[in-house]
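Inspection log for the structure reproduced underneath, given as C-alpha cells.
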Amino acid sequence: MNRTLASNGLTLMVAFATLAMGSFSAHGADLKTIEPGKITIGSDQVYPPYDYLEDGVTKGFDAEVMALLAPKLGLEPKFQDIRFASLIPGLQANRFDMIASALYVTPARAKVVDYIAYAKTGGSLMVRSDDTFEPKKPEDLCGKRVANLKGAAWVPELQKVSQAACGSNPIDIKEFATSAEAAQALLSRGADVVFDDAGVSKAAVVASGDRLKITSTEILFPVVMGLAVRKGNDELLARLEEAFKPLKNSDEYKAILAKYNLALPTDAEVTAALIESN
C-alpha cells in the first residue's frame, strides 16, 4: 500500500510539474526569445547584494525581481553571468534577451537600449550601532569623517554639500578601495559614518551582525536603475512593461525593495535620469 501511495504521489508530482511547464510555454509561446520558453538574462553576478552566485545559483535583488516578473510573461528566467562592461554589447549581439543587473539609467545608454525603470538606489548613511550620532542627510556630516567607496558617484556631491553648507567645519571625505574596507574603518573607529549604496549598506548591516545601523530615512542622491532590452525589440519591451505595471505596486514587490533598502523611482526622477547634463 505504501508503494502504491508513493507511486500515486510521484504521478501527481510529475503531472503538476508538467502542467507548470506547460503554463510557461503556453503563455510565452507567442513571444520570441533566444531560447523558447525561457527569457535569457544578462547579469554581472559579482555585485552583491544585487547579483551574485551562491552554490552555482543566481541570487540577489535582480534574481528575486525576475522570479516574479518572468512567470507573468509565461517564461522561465535563465541567467547568464556576464561582466558589466560586456552587458550592453552582449545584448546588442543577441547573446541574451534582456539585462537585469542594477544597470543605471543614463542618456548615453538610452540611445542603445530601452529601459524599464524598476528601482532607485543611491546613498545611505551608516554608523556604529552603539553611536548616538544618527545623521539623516548630507548636511548632518559637517565636521565628520565620512568613509566612501573610492570613485563613488556621490563623492563629488558630498564635496558640493561641504562647500555650500559646512563653512569652516568641512566634511572629511575618506575614500577606500572597497565598501568592505569603508565599513571596517567605521567599525575600528577610523571613521564616524559610511556613505554607501543603499543596498550595499543593508547587506553590510547584516554582515556585521548588527554592529552597524542605517540612520538615513530616504535614498540620498538617488540613481534610477532599469531593466534593459535591445533597441528594436519592441514586442519584448511592451510585454515587460505590461507585466511590470501591476507588479510594481504589489506587496510582494514592495517587500523586495524594502529587503534591499531600495525604492521605486518617481516619473520625474526617471525623466531627469534621461536628460543630458551640460
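With a Förster radius of 22 Å applied to the beta-carbon distance between R95 and D234, the computed FRET efficiency rounds to 0.70. The order of the peptides 34-44, 106-116, 192-202 by mean Cβ neighbours within 10 Å, most packed first, is 192-202, 34-44, 106-116.
At 0.890 mPa s and 25 °C, plugging the Kirkwood radius over alpha-carbon pairs of the chain into Stokes-Einstein gives what diffusion coefficient in µm²/s? List each step's numbers first, then the result.
Details: Rh = 20.7 Å.
The estimated diffusion coefficient comes to 119 µm²/s.
The distance separating the Cα centre of region 120-167 from that of region 209-242 comes to 22 Å. Extension gain for R83-Q163 works out to 25.1 nm (0.36 nm per residue, less the C-alpha to C-alpha distance). Counting only residues at least eight positions apart within a chain, or on another chain, the aspartates and glutamates with an alpha carbon under 17 Å from that of K111 are D234, E276. For the chain, the relative contact order works out to 24 percent when only alpha carbon pairs closer than 8 Å and six or more residues apart are counted. Extending 7 Å from Cα along the Cβ direction at V155 and again at S129 yields two label points whose distance is 3.0 nm. When the pairs K136/K213; K72/K254; K72/K245 are compared against a 20 Å limit on Cα-Cα distance, every pair falls at or below it.
Which of E64, E54 has the fewest other C-beta atoms within 10 Å, and how do the rest follow up to the most? Could the numbers behind the result be given before it?
Values: E64 18, E54 11.
The order, fewest Cβ neighbours first, is E54, E64.
As a rough guide to protection, the peptides 242-250, 86-94, 138-146 ranked by mean Cβ packing within 10 Å, highest first, stand as 138-146, 86-94, 242-250. In percent, rounded to a whole number, the relative contact order of region 122-221 is 47, using alpha-carbon pairs under 8 Å and six or more apart. In terms of its Cα atoms, region 208-278 spans 48, 38, 20 Å along the principal axes, sorted from long to short.
Rg/Rh for region 122-221 (Cα atoms only, Rh after Kirkwood) is 0.92. Listed by chain and number, the aspartates and glutamates whose C-alpha is less than 15 Å from the C-alpha of K120, apart from same-chain residues fewer than 8 away, are D62, D196, D197, E218, D267, E269.
What does the net charge come to around A152 if you take all other residues with beta carbon closer than 11 Å to its beta carbon, with K and R at +1 and D and E at -1?
Numbers: positive: K150; negative: E157, E175, D196, D197.
For residues surrounding A152, the net value is -3.
Quick note: the coordinates plus some simple rules give every number you see, no bench work behind them. On a predicted model such as this, the values are computed, not experimentally measured, just so you know. Here Cβ is always computed from backbone atoms with ideal geometry, including for glycine, and neighbour counts include all displayed protein chains.
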